[in-house]
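Inspection log for the structure reproduced underneath, given as structure tokens.
The values are calculated or read from the model by the stated rules, or taken from the named source; none is laboratory data. All figures in this text were calculated on a predicted structure; none of them were measured in a lab. Cβ placement follows ideal geometry from the backbone for every residue including glycine, while neighbour counts extend to all protein chains displayed. Surface accessibility is based on the protein's heavy atoms, side chains included, excluding ligands, DNA and RNA. Shrake-Rupley method; radii C 1.70, N 1.55, O 1.52, S 1.80 Å.
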Amino acid sequence: MPEARLPAIAVLATGGTIAGAQAESASHAYRAGALQVGQLLDAVPGLARLARIQAEQVASIGSQNMSHAVWASLARRIEALCDDPAVDGIVVTHGTDTLEETAYFLSLVIRHDKPLVLTGAMRPATAPGADGPANVFHAVALAGCADARGRGPLVVMNEDIHYAREVQKTACAGINAFASPNRGRAGVMRGAQTNFFSRNDTVHSKASAFSLGALETAGWPRVDVVHAGVDLGADLIDFLAERARGIVLAGVGDGNATDAALQALQRAAAGGVAVVRASRTGSGRVGRNVEVDDDAAGFIAAGELSPQKARILLMLGLSLTRDPASLQDFFDRY
Ligand code: SIN
């Protein structure tokens, strides 16, 4: 194919292990975000035959330090690139620890259908068998593929394609750390070839009700997560109820907790704090009024969202409404 016909892909780098460097390659220790985007791209064989690349460094951080400020700059830059007819697709390189949160956040605030693909790496760039170059290759190929359009942000890791809403980091090490436990992978990459298994029928991207502007106007409403377990008391919840606009319960089983914790959450809800019940189990669906009487307590059920994604949706929901029924509607649809 003549070079001019290759897709134009913008790569936005934010740091992470994909840009990580070890002091020496036998060491398990490394510093995330040490390399610049040009160095990441230079390590990918055959990239110039896949796409015309423009690259930018948006941040150089480990994704444990991802912040609302970086999310805002990233989202604004992506919006500008989506509006640019000369750009066919966008790739974001990101640390894996909060990759799923950034992907989900972007799926709710970027109201475009241009291909947007996030990727990272489980091994630093200097490690033997570094997975970053293959992941970047697949991400660029996917971002240049017409079939990736209109699916919301996609995540590609270890040859697997995931929808932003579904993907989770399910292990703290290993190149196969990413999965989509509830609805399964969106598809797979085979070399530069994209194979989708399904469509994403949840609301995202172009049809999303949310926007960065509304979120900023609302001051990024504070939402905290409380992790349930044996003998969880009321005091942490009572403390948060004084400070947060929303609380997500990472509940046991079906989003449950001790009587003391549920009573504290009910007090918080009565005081105007939005309370969402999610599950700490890693998969499944938390429905309304199963073991807990959500109608009586004024709670919202998280459905399939993990506690960390429920936190993002609640923050965005609270930028538009405090009404528990309207917030529940968001959780039913997004
Ligand atoms: C990070 O999330 O930045 C560190 C871990 C990783 O990228 O795998």
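What to note about this one:
- Among the residues listed as 4, 21, the single one being in contact with a Leu (Cβ under 8 Å, 6 or more places away or on another chain) and modelled with pLDDT under 95: 21
- Subset of segment 276-315 (residues that are free of Cβ contacts under 8 Å to residues at least 24 places away in the same chain and either among the acidic types (Asp, Glu) or closer than 19 Å to residue 105 by Cα (or both)): 293, 294, 295
- Selection status of residue 61, of a type outside the set (Lys, Arg), closer than 15 Å to residue 139 by Cβ, open to solvent by less than 50 Å² (accessible area, probe 1.4 Å) and under 19 Å from the mean Cα position of the chain (by Cα): no
- None of 237, 247 is surrounded by 19 or more Cβ atoms within 10 Å (Cβ to Cβ), β-branched (Val, Ile, Thr), within 27 Å of residue 70 (Cβ to Cβ) and not assigned by the TED database to the domain that holds residue 67 except 247.
Listed here are the residues, each with its yes/no results for (1) among the polar types (S, T, N, Q); (2) part of a loop (DSSP other than H, G, I, E, B); (3) in contact with a strand residue (DSSP E or B) (Cβ under 6 Å, 6 or more places away or on another chain).
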{"position": "239", "(1), (2), (3)": "no, no, no"}
{"position": "243", "(1), (2), (3)": "no, yes, no"}
{"position": "262", "(1), (2), (3)": "no, no, no"}
{"position": "266", "(1), (2), (3)": "yes, no, no"}
{"position": "276", "(1), (2), (3)": "no, no, yes"}
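- Leading residue by the ranking (least open to solvent (accessible area, probe 1.4 Å)) among those in segment 171-203 that are modelled with pLDDT of 95 or more and of a type in the set (Val, Ile, Thr): 188
One line per residue, one yes/no per condition, for (1) buried (at least 18 other Cβ atoms within 10 Å of the Cβ); (2) within 13 Å of the ligand (Cβ to nearest atom); (3) assigned by the TED database to the domain that holds residue 143:
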residue: 13; (1), (2), (3): yes, yes, yes
residue: 18; (1), (2), (3): yes, yes, yes
residue: 25; (1), (2), (3): no, no, yes
residue: 29; (1), (2), (3): no, yes, yes
residue: 32; (1), (2), (3): yes, yes, yes
residue: 35; (1), (2), (3): yes, yes, yes
residue: 40; (1), (2), (3): yes, yes, yes
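- Residue within segment 180-203 that is in contact with a helix residue (DSSP H, G or I) (Cβ under 7 Å, 6 or more places away or on another chain), small (Gly, Ala, Ser), under 25 Å from residue 112 (Cβ atoms) and assigned to a loop (DSSP other than H, G, I, E, B) present: yes
- Verdict on residue 285 being loosely packed, with under 15 Cβ neighbours inside 10 Å, under 23 Å from residue 211 (Cα atoms) and more than 18 Å from the chain's Cα centre (by Cα): no
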